[in-house]
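Following: one structure in structure tokens, then a few remarks.
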Amino acid sequence: MNRIFIFASIFYTQFVLVESILLDGNLNEPEWENAYVISDYFETVPYTLKPAEVKTTTRIFSNADGIYVGFINFQDNSSMVSNKSLRDEMGINAEQNGVAIDFDNDETKAYMFMVTLANVKKDGIRPLGGWPEMDWDGDWEAITKIHKGYWVSEFYIPWNVVLMKQIDGNKRTIQLSTFRYLANEKIWLNDTKTSGFRVNFLSNLRSINIDNYTKRKVNFFPFVSKTHNSVSDFNENKVGAEVFLNTGTGKQINLTVNPDFGQAESDEVIVNFSAQETFYSEKRAFFNENQSLFDLSHYDRYRIINTRRIGARSNYECSLSINEDGCDDSKKNYTDIDYALRYTQKNDNTDFGVFVAQESDEKYTKGRDFYALRTKKKVNNRTIGHFLTHVVNNFSNEKATVNVIDFSNVKSKKLTLYNDIITSKKEGETGFGFRSQFNYKPTSLSRRSGSLLYFDDGLMLNDFGYLKRNDWFHLGAGTDISKINFKDGSQIKEFKFGIDLNYDSDVSGNSNPVKIGQKNEFVFLDSSEFQFTWDFKSSGKDTTITRKNINFPYVKTKGSLSFNLDYESPSYGFWEYDWRIGYENAKKYNSFNSEGYERRFAKIAGSLYPIDNFKLGYSFRVREEDEWLNWLKDNELAIYDLTQKIFSINMNWYSGTKHEIRLKSQFVALEALNPKSLIVDSSGYLLNHNSEVKAFSEGITSFQIRYKYEIAPLSYIYLVYTKGGSVYDDENKKDTSEIFRDPWENPDNEIFSVKFRLKY
């Protein structure tokens, strides 16, 4: 009986999609005849605003099931590009259609739904004051079909795909923008003369009235998984579930119990010797779903919630354990999660959310408890919010609390203001910080921006969030201008000029180098792009390298000048490439036998599409630095001749509509040779020192191959093989091939996992 129930559920999920409209790539139902029609499109990337040279007709209507969008894209069949890709893969070159919808008509965020000619879905969220975030995956449908002289895409977006405010009456006002991508020309077309990459995107959407309905939704996702690590002989079996409930009345619950994220995409390898933590984006689906209310951040500088903290490596103090060997053997680079719960609701002009997660206790350590409370209220064009996070570390008995008051003001379609006031408290130590920022677009082809940051040395966000650095004062301003009107016969389609000025220091006034950056970008008629940038850094003080040592707070640095050249090729049908070179030079230090700092960088990358369901991507990067400065301990540092080589290869293969194989690999070889021992004195000068400093090399491997079979929408079988590790050597000099090879032959982890997930 149980087997019958499972197979019946799969059949229902797979074949019963919508009731009134058949998604077949033919807009022949009567509802399409009376739909809202859009037929005027403009070139927005590059931002020429020229009327589209190809015809596109879009129809939009709604019924009790949801919102329907249909595109008719006129185009010669021989020019259609239908390369397949992963869901949400942005760099793929294929014909595309998309629609961005602000369901609540409040200009705070828009949900983006896209589909390629190969019937690959993409979706994400475009927040106010941010860039499109493609981590969110919604439960919606789209289908494409090629006809003679045109192709059609047909979207079905259920009412319950996102959390919407409950609206009284038979009509709902939404704002939207529809767009199309032409692969051969690398051109984006848009009906509202804007794009998701422009800062005032949400202020320039089209308002339309559609029939209003509410729809309840309940999904249950049970799963089973098995993981085996052949290096540590570790085995793990898991049974868990996710529950999703959208009441249709502005309330939504997401719950996961005993989750397993073994199928999540591996991170890019980043070698970081600085004092600042590397930020890694969230790749686990549960923590991206319905997370936008809790996503308060400012570029790469801070995030109030960084969900990668949940399930991160536990604290261990094996030296204090009776069974030290057993404790050492039990160490894992992650922590199991008992559960995570997210509740959100929307009431008129107020959003409210609660987030709770609990990690599992283990034999030699204890997990943490995470809590977050979020409220946000909109009054006219102003939004004010409060954010509270609280973390309990059950291993150390430490508690950390963060409070934030955030404010945004859309003064006009041209000017938006943002402000955050942040306080933290951890074990009696308090901290304070704030951010003030503006974005201003005086014309459609120009932009001005500025930001002011102040974080005192007691501000701590990293128990639940992310803070690039505290003890920081930052002042930045920037502007860019585009030119689109060129003489007939010119090969240039668009030219962008930008300049940025940044001043940084610690809160005591120790000034880091002043930075001036200038960018020139050319977009050509053949869709290729060329970018030239230069950056100037003044002399200053590096206030982070000595890790805030009281007696040696900084290292005096010399000014430098750098430039980068970047070229992206046009599409050649089944292949494309890009290259980049960079150079930086700094003056000699005058306090030791310095020859001056020098950096050289080169990159070549590309993609091959021998057939439309196979993609091979490659990248090779090499970086060389003379007098690379590295902190050792206290006031002891060293300079090296550094060489870093990174080789990456990615492969995606799709068989039919159900099978997907993805390979993602990265190999890093780093050599730090010819070391010279230095110390820094209390005035920040580097001096010769007689400590022994060894040359060293490091090899890092990250390899993952993943097979996914789609049983039905949002129901999958995963088979994943992951291998990785690093090898550090300061005794024997190894050549590059050995540095690449050693972590592969002696990995830290070799993991095989299988996961079976169903949607009910």
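The values are calculated or read from the model by the stated rules, or taken from the named source; none is laboratory data. Just so you know, these numbers come straight off a predicted model, no measurement behind them. Here Cβ is always computed from backbone atoms with ideal geometry, including for glycine, and neighbour counts include all displayed protein chains.
A few notes on this one:
- Some residue of segment 306-323 being closer than 24 Å to residue 743 by Cα, acidic (Asp, Glu) and not in a helix (DSSP H, G or I): no
- Leading residue by the ranking (modelled with the lowest pLDDT) among those in segment 165-185 that are farther than 23 Å from residue 78 by Cβ and of a type in the set (Ser, Thr, Tyr): 173
- Scanning segment 366-411 for residues being of a type in the set (Gly, Ala, Ser), within 15 Å of residue 353 (Cβ to Cβ) and out of contact with any helix residue (DSSP H, G or I) (no Cβ under 8 Å at 6 or more places or on another chain) gives a total of 1.
Rundown of residues vs (1) more than 28 Å from residue 640 (Cα to Cα); (2) at pLDDT below 90; (3) surrounded by fewer than 20 Cβ atoms within 10 Å (Cβ to Cβ); (4) basic (Lys, Arg), yes/no style:
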| site | (1), (2), (3), (4) |
| --- | --- |
| 254 | yes, no, no, no |
| 257 | yes, no, yes, no |
| 278 | no, no, yes, no |
| 284 | yes, yes, no, yes |
| 288 | yes, yes, no, no |
| 291 | yes, yes, no, no |
| 299 | yes, yes, yes, no |
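- Residue list for segment 347-380, restricted to those being of a type outside the set (Asp, Glu) and within 20 Å of residue 260 (Cα to Cα): 355, 356, 357, 358, 360, 363, 365, 366, 367, 368, 370
- If the condition is being surrounded by fewer than 16 Cβ atoms within 10 Å (Cβ to Cβ) and assigned to a loop (DSSP other than H, G, I, E, B), then segment 466-506 contributes 485, 486, 487, 488, 489, 490, 491.
- Index of the failed condition, residue 161 passing every other in (1) surrounded by 19 or more Cβ atoms within 10 Å (Cβ to Cβ); (2) modelled with pLDDT under 90; (3) in contact with a Ser or Thr (Cβ under 8 Å, 6 or more places away or on another chain); (4) of a type outside the set (Ser, Thr, Tyr): (3)
- Residue satisfying all of: in segment 110-140; over 22 Å from residue 287 (Cα atoms) and of a type outside the set (S, T, N, Q); surrounded by the most Cβ atoms within 10 Å (Cβ to Cβ) among these: 115
- With respect to the conditions (1) of a type outside the set (Val, Ile, Thr); (2) assigned to a loop (DSSP other than H, G, I, E, B); (3) buried (at least 17 other Cβ atoms within 10 Å of the Cβ); (4) in contact with a Phe, Trp or Tyr (Cβ under 6 Å, 6 or more places away or on another chain), residue 591 falls short on a single one, namely (3).
- Which numbered condition residue 239 fails, given (1) over 23 Å from residue 372 (Cβ atoms); (2) at pLDDT 90 or above; (3) within 15 Å of the chain's Cα centre (by Cα): (3)
- Elements of type strands (runs of 3 or more DSSP E) in segment 90-197, at least 1 residues being touching a helix residue (DSSP H, G or I) at 6+ places or on another chain (Cβ under 8 Å): 96-102, 109-116, 121-127, 141-147, 171-182
- Selected residue (only one of 347, 306, 288 is within 30 Å of residue 384 (Cβ to Cβ) and not assigned by TED's automatic domain parsing to the domain that holds residue 452): 347
- Of the residues making up segment 36-51, those that are in a loop (DSSP other than H, G, I, E, B) and surrounded by fewer than 18 Cβ atoms within 10 Å (Cβ to Cβ) are 39, 40, 49, 50.
- In segment 420-465, the residues that are outside any strand (DSSP E or B) and among the aromatic types (Phe, Trp, Tyr): 464
- Conditions (1) in contact with a Ser or Thr (Cβ under 8 Å, 6 or more places away or on another chain); (2) at pLDDT 85 or above; number of the one not met by residue 266: (2)
- Number of residues in segment 520-534 that are crowded, with 18+ Cβ neighbours inside 10 Å and either under 21 Å from residue 479 (Cβ atoms) or hydrophobic (A, V, I, L, M, F, W, C) (or both) equals 3.
- Residue count for segment 716-760 under the criterion of being surrounded by fewer than 19 Cβ atoms within 10 Å (Cβ to Cβ) and either more than 26 Å from residue 332 (Cα to Cα) or not hydrophobic (A, V, I, L, M, F, W, C) (or both): the result is 20.
- Test: residue in segment 53-75 that is surrounded by fewer than 17 Cβ atoms within 10 Å (Cβ to Cβ), modelled with pLDDT under 85 and of a type in the set (Asp, Glu): no
- Qualifying residue in segment 716-731 (condition: among the aliphatic types (A, V, I, L, M), under 30 Å from residue 233 (Cβ atoms), in contact (Cβ under 8 Å) with a residue 40 or more places away in the chain and in a strand (DSSP E or B)): yes
- Condition check for residue 583 on (1) touching a Lys or Arg at 6+ places or on another chain (Cβ under 8 Å); (2) over 30 Å from residue 83 (Cβ atoms); (3) not in a strand (DSSP E or B): one failure, at (3).
- Residue that is farthest from residue 439 (Cα to Cα) [pool: residues in segment 174-215 that are β-branched (Val, Ile, Thr) and out of contact with any Ser or Thr (no Cβ under 6 Å at 6 or more places or on another chain)]: 214
- Extreme residue, farthest from residue 47 (Cα to Cα), among residues of segment 198-232 that are in a loop (DSSP other than H, G, I, E, B) and among the basic types (Lys, Arg): 216
- Residue 416 meets each of the listed conditions (1) without any contact (Cβ under 8 Å) to a residue 40 or more places away in the chain; (2) farther than 13 Å from residue 301 by Cα apart from (1).
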